[in-house]
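**Student:** The structure's right below; bear with me while I get my questions together.
Values in this text are rule-based calculations from the coordinates and carry no lab data. Every value quoted in this text rests on a predicted model; they were computed, and no experiment measured them. Heads up, the Cβs are rebuilt from the backbone with ideal geometry, glycines too, and the neighbour counts pull from every protein chain shown.
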Amino acid sequence: MFKNRLERLRRQVRAARDLGKLYRVVAEGFARLLGAERVLVLHELDCTRGLEAVYTLPRPDDGRLPGVTIPRDDPLYTYLKRTTRALVLLDDPRVRRAASTSTALEELVEKGDWKVAIPLQQLDLLVGVVLLGPPENSLASVPFRRALRRLAELIAYAAVTLLMFQRLQQEAKEKAILLEVAKKISSSLDLMEVLEMVVEAVRQVVPCEHATVFLIDRERDELKHAVYRGSGRAALKNFRLKLGQGLVGWVAITGQPVIIDNVLEDERYYRLFQDSRSELDVPLVRGDKILGVISLESKRERAFNEHHLELAKAFAAQAAVAIENALLLEELVEKRRLERELTIAREIQKALLPKELPRLRGFALDAYTLPSGMIGGDLYDVVEFADRTVALAVGDVSGKGTPGAILMATLYSTYRGLLRRGIDPGQLMRKLNDLLLERIDPESFATFFLALLSPEKRTLRYCNAGHNPPLVMHQDGSYERLEDGGPVLGFVPQLSYISAKIELKPGDVLVLYTDGVTEAANPDDELFGEDRLIALVRRFRKLGPKRLRKKIVQEVIAFTGRKALEDDLTLLIVKVTTRRNATSTDQETAQEVVTDGS
């Protein structure tokens, strides 16, 4: 009977397709398997908070979960993480001695509801734990602990996999909502309309009972209620707070966001909603000016985490843009304003690109960029040092239009500030990543490839920061992908990047490109892809760089069947000539930024 129940639970765990179903399956399965009167499933949903209750049997009438947590810094957490036991008896003297200072264990034993803990471990991680009320002794002592151990590992694996999948789904939802808000802001100068949309959007990704936007009235040094959405009674229409009053007023003065796990324990809290227990507040900031505060309140303690904070800050940034537009640009026609910005950004972008490429003995070069719109987010650069060493760079930033152009200019200026003769590409990339983290928005990032070409030695030392791997097509048709380096820039500080080195031979063709080439799609949503690019370069590898570049651009445009590309396209091509001196037909000049694909 035990084996049958065990196998049934295994099948149900494997079949679970979401965390909610997995929790229910585990709780009901262990209740049957070990004859437990009560079951509580704890899962680590946040890497900083420890284990939290996610499901209990029997189900409570009010739907509230028991307030059982096992923090990461609690000795019981450490014990459950390291133990090799399938079943841990919480009142076992050995367990009490091992976790003698555990507050969590003391509370569990004192309450008397939970007698047994089943750790859910995956490799060296404690994913969760199943707490059981008094199980049947006959089942608790049967020689199936090894089987239970394997079952617990299976549950831990399923929980980690489903949590990752859930987070990916949530991330996709968050990005889609942020994009929708950004579109609304760019198309509307109605402040209240935009703020209402921001508040609704925040509540879709940050669970809360109350969401309020307060705007600063500088003339009266007050915060006035602007928009409210929630499950309770709305804030009073003309409700105001003095600057510095309550948590919201404190945030408005300091410009610092806050997460309060229990507002009743914070002396700054001003009670506006009777059922509130936790609060998250972020300032609406534009430049160095604080415009207001977004305040989120929940009836649950510890309802908000750092991820919620980052989301709220992203929406606050969007709302701040809307507020500034309404306050400072309400007399302007949005279309004309955007056109002027685009024109300026396009001129800035053209000014950043090299006017001409250096003439190198034994090498021919060509570079070209085709933005998908009026301006793009791609860049390329070629710099010749006094010792004839040449820096070759190509990059791509997240976003298009004006934001993409601004981010591209930031990347370019930061990279140029670091570039100097003799610097190791990997070392430069490490510094570039850390500087970008200080200068760009949290949701932005960039891919970048940098190589140092020594024409005399015909060597190339490079580092690839998450960029499409450039191709080195050899004269015999074989090729190499230059992918050594590290992750994309602008996400995580203090990353490690490595440099690699290759030797070039006469006839070799180096093709640096952005994803506007390989991710160009035809009407059937089929991508041009790296394989087509490799085949194309192999086929026309004997052409000069300019003619090869034209072939690539023509093939990409023909493949898409469209007059305009959906993403920016950039190419930087270097060919090792068979002669020591490149002829005038081999040596190409840099191209202006164009939009017609010619």
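**Student:** Could you work out the relative contact order of region 466-560, using alpha carbon pairs under 8 angstrom and six or more residues apart, expressed as a whole percent?
**Tutor:** Working: 108 pairs, mean separation 25.1, N = 95.
After rounding, I find 26 percent.
**Student:** Rounded to the nearest 0.05, what FRET efficiency do Arg8 and Arg240 have when you use their Cβ-Cβ distance and R0 = 45 Å?
**Tutor:** Values: r = 61 Å, r/R0 = 1.35.
Efficiency computed from Cβ-Cβ geometry: 0.15.
**Student:** Between Gln204 and Glu566, what length in nm is gained on full extension when 0.36 nm per residue of separation is reduced by their alpha carbon distance?
**Tutor:** Result for the pair: 127.4 nm of gain on full extension.
**Student:** Can you pull the one-decimal nm distance between simple spin-label points at Lys501 and Arg49, each 7 Å off the Cα toward Cβ?
**Tutor:** 5.1 nm
**Student:** Once every Cα of region 342-576 carries one equal point scatterer and solvent is ignored, give the base-10 log of I(q)/I(0) from the Debye formula at q = 0.07, 0.12, 0.17 Å⁻¹, two decimals.
**Tutor:** -0.20, -0.63, -1.31
**Student:** Would you work out which of Val394, Leu527, Val205 lies farthest towards the positive end of the dipole of the chain? Charges go on Cβ: Lys and Arg +1, Asp and Glu -1.
**Tutor:** Of the options given, the answer is Leu527.
**Student:** If I take every Cα pair under 8 Å that is 6 or more residues apart in the chain, average their sequence separation and divide by the length, what percent do I get for the relative contact order? Let's see the in-between values first.
**Tutor:** On the way: 1153 pairs, mean separation 57.3, N = 598.
About 10 percent, as a whole number.
**Student:** Using a simple spin-label model with points 7 Å from Cα along the Cα→Cβ vector, what separation in nm is obtained for Ala147 and Phe491?
**Tutor:** Placing both labels 7 Å beyond Cα along the Cβ direction yields 4.3 nm.
**Student:** Enumerate the amide H contacts of Leu51 below 5 Å, restricted to partners 5 or more residues apart or on another chain; note that Pro and chain-start residues carry no placed amide H.
**Tutor:** Ile70, Arg72
**Student:** Also, quick follow-up: Mean 1/r over all different Cα pairs, inverted: what Kirkwood radius does the chain give, in Å?
**Tutor:** On the way: mean 1/r = 0.0353 Å⁻¹.
This gives a value of 28.3 Å.
**Student:** Still on this model: How large is ³J(HN,Hα) for each residue in region 277-286, as worked out from phi by the Karplus curve 6.51 cos²θ - 1.76 cosθ + 1.60 (θ = phi - 60°), to whole Hz, x for Gly and Pro?
**Tutor:** In residue order, the calculated couplings are 10, 9, 8, 10, 10, 10, x, 9, 10, 10 Hz.
**Student:** Which of the listed residues, Leu168, Val263, Ala322, is farthest toward the dipole's positive end in the chain, when Lys, Arg count +1 and Asp, Glu count -1 at the beta-carbon?
**Tutor:** Value computed over the given set: Leu168.
**Student:** If amide hydrogens are placed 1.01 Å from N in the peptide plane, which non-local residues have theirs closer than 5 Å to the one on Asp568?
**Tutor:** The answer is Ser372, Gly377.
**Student:** May I ask you to compute the full-extension gain from Leu125 to Asp92, defined as 0.36 nm times their residue separation minus their alpha-carbon distance, rounded to one decimal in nm? Could the numbers behind the result be given before it?
**Tutor:** Details: separation 33, 0.36 × 33 = 11.88 nm, distance 2.34 nm.
Residue separation times 0.36 nm, minus the Cα-Cα distance, leaves 9.5 nm.
**Student:** Oh, and also: Starting from the amide H of Gly485, placed 1.01 Å from N in the peptide plane, find each other amide H under 5 Å away whose residue is 5 or more places distant or on another chain.
**Tutor:** Residues meeting the amide H criterion: Asn464, Ile498.
**Student:** Let's test the formula: R0 of 60 Å, r as the Cβ-Cβ distance of Glu265 and Arg458. What FRET efficiency results, to the nearest 0.05?
**Tutor:** Values: r = 68 Å, r/R0 = 1.14.
The computed FRET efficiency comes out at 0.30.
**Student:** Under DSSP H, which helices of the chain have Cα atoms covering 24 Å or more of the helix axis and a Kyte-Doolittle average no less than -0.5?
**Tutor:** 145-187, 306-328, 401-418
**Student:** For region 2-165, rounded, prolate or oblate, judged on the Cα gyration tensor with a ≥ b ≥ c (square roots of eigenvalues), a/c < 1.5 rounded, else prolate if a/b > b/c?
**Tutor:** rounded
**Student:** Can you show me the helix-derived [θ] at 222 nm for the chain, built from DSSP H runs with n ≥ 4 at -39,500 (n - 2.57) apiece and divided by the number of residues, rounded to the nearest 500.
**Tutor:** Roughly -12500 deg cm²/dmol at 222 nm, from the helical runs in the chain.
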